[in-house]
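Here is the structure we will look at, set down as structure tokens.
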Amino acid sequence: MSEPNSSQQTAPRWRRRLFRNPLAIAGFTFIGIFVLVAAFAPFIAPYSPVEQNLRGTYVPPMRIELRGPEGQLGLWVREVSRTPLGQLEVGKELYPLRFFVRGEPWSWWGGLLKSDLHLFGVDGPIKFYLLGADEQGRDILSRLCYGAWISLSIGLIAVAIGLAVGVPVGLLSGYYGGTFDLLAQRVVEVMLSFPGILLAIVLVATLGTGLTNVMIAVGIAAIPVYARLVRGSVLSLREREFVEAGRALGSPDARILLRHILPNALSPIIVQSSLQMAVAILFAAGLGFLGLGARPPEPEWGLMLARGREYLATAPHVATFPGLAIMFVALGFNLLGDALRDALDPRRG
């Protein structure tokens with residue numbers, strides 16, 4: 001007989017603790033916003049993330065006015081553009097801002113979603129840059145929306161790679177010990193001797209730049225973290241009574257590992273996965289900042305931040321908004337990880 005799964009025993013209790021924790025609520029809020037933005041990026045983004053407008057270079061965030069030309073209430077904007085000499089020009093005519101407008105057609109989710117509907121647009125012949133434009137006149141808001149999909153995809157795939165390799169290695173290493181444990185842990189120690197970002201840089205330099213290689217490199221950098229974590233959990237579980245009972249009943253090792261040990265080691269894995277999402281997104285942004293990640297004109301946040309640092313004196317918004325996006329999505333996953341750690345702690349009543 002196996003010991004009842006601890007997650008089954010405490011599920012209602014840990015859920016109550018989780019959803020009463022302000023850190024969890026804040027983390028879920030930040031993550032939920034970015035997930036929605038990534039899921040509906042073409043609808044939220046008013047323009048294509050690679051569409052250039054040389055008359056709109058370095059345009060700062062555009063101001064919204066609450067009264068029209070005749071004093072009527074509503075949302076109104078003026079045209080803002082750059083002259084050939086680089087001077088900022090603000091038009092005198094006001095144009096109404098509309099919601100749920102028809103515009104450039106888009107396709108998303110592999111063609112499952114197709115439409116020309118956008119969340120907002122200007123009823124007039126001008127472009128509206130809510131968060132400003134970059135050095136090539138591309139809409140920063142649109143690039144941030146599409147970049148959310150890239151950053152979250154990198155995080156998910158990198159964590160999946162770490163789980164797929166690190167968890168089995170940790171399970172086998174901790175359960176069997178011996179020669180396999182000795183060899184596996186020496187490899188893990190060598191990988192852990194490199195700082196995570198340095199290991200990712202070495203792997204990207206070896207594999208080549210590009211988003212696919214960034215995902216693989218960041219995922220490989222996460223493998224030793226999961227392997228060491230799972231091994232420690234297995235070492236504390238393999239001598240427990242329910243495991244001994246399984247052996248006495250003649251259960252094969254695979255059944256003991258998958259049915260008895262792994263479910264009872266899920267709590268630290270879940271917590272680490274949330275924290276590792278933040279690490280993976282930061283690593284990917286760091287690689288993009290160093291020019292080892294996404295290639296222009298892809299709207300990856302780290303690459304946007306790297307390009308924006310060149311214009312901090314004249315157009316600080318170009319780097320500010322990608323930096324804030326990286327900060328808040330990483331903060332969301334860190335807050336959620338801390339809340340999960342507290343909720344799943346068996347020492348809490």
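The values are calculated or read from the model by the stated rules, or taken from the named source; none is laboratory data. None of the values given here were measured: they were computed from a predicted structure. Heads up, the Cβs are rebuilt from the backbone with ideal geometry, glycines too, and the neighbour counts pull from every protein chain shown. Side chains included, ligands, DNA and RNA excluded: accessible areas come from the protein's heavy atoms. Shrake-Rupley method; radii C 1.70, N 1.55, O 1.52, S 1.80 Å.
Summary table below
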{"quantity": "Unique match (being in contact with a Pro (Cβ under 9 Å, 6 or more places away or on another chain), among the aliphatic types (A, V, I, L, M) and in a helix (DSSP H, G or I)) among Val230, Val202, Val225", "calculated": "Val230"}
{"quantity": "Enumeration of residues in the range 81-99 that are of a type in the set (A, V, I, L, M), in contact with a strand residue (DSSP E or B) (Cβ under 8 Å, 6 or more places away or on another chain) and under 22 Å from Pro316 (Cα atoms)", "calculated": "Leu88, Val90"}
{"quantity": "Qualifying positions in the range 262-282 - open to solvent by less than 30 Å² (accessible area, probe 1.4 Å), hydrophobic (A, V, I, L, M, F, W, C) and at pLDDT 90 or above", "calculated": "Ile269, Val271, Met277, Ala278, Ala280, Ile281"}
{"quantity": "Members of the range 70-115 found to be over 27 Å from Tyr311 (Cβ atoms), in contact with a Phe, Trp or Tyr (Cβ under 9 Å, 6 or more places away or on another chain) and surrounded by fewer than 12 Cβ atoms within 10 Å (Cβ to Cβ), listed by number", "calculated": "Phe99, Phe100, Lys114"}
{"quantity": "Only listed residue being in contact with a Gly (Cβ under 6 Å, 6 or more places away or on another chain) and either among the charged types (D, E, K, R) or under 23 Å from Leu312 (Cβ atoms) (or both), chosen from Arg78, Arg67, Arg102", "calculated": "Arg78"}
{"quantity": "Qualifying residue in the range 156-178 (condition: modelled with pLDDT under 95, open to solvent by 60 Å² or more (accessible area, probe 1.4 Å) and part of a strand (DSSP E or B))", "calculated": "no"}
{"quantity": "Qualifying residue in the range 34-48 (condition: modelled with pLDDT of 85 or more, surrounded by 14 or more Cβ atoms within 10 Å (Cβ to Cβ), among the polar types (S, T, N, Q) and farther than 30 Å from Pro299 by Cα)", "calculated": "no"}
{"quantity": "Residue within the range 87-94 that is touching a helix residue (DSSP H, G or I) at 6+ places or on another chain (Cβ under 7 Å) and of a type outside the set (D, E, K, R) present", "calculated": "no"}
{"quantity": "Of all residues in the range 54-69 being open to solvent by 50 Å² or more (accessible area, probe 1.4 Å) and not charged (D, E, K, R), the one that is nearest to Leu131 (Cα to Cα)", "calculated": "Pro61"}
{"quantity": "Lone qualifier among Arg341, Arg347 - being open to solvent by 60 Å² or more (accessible area, probe 1.4 Å), out of contact with any helix residue (DSSP H, G or I) (no Cβ under 6 Å at 6 or more places or on another chain) and at pLDDT below 90", "calculated": "Arg347"}
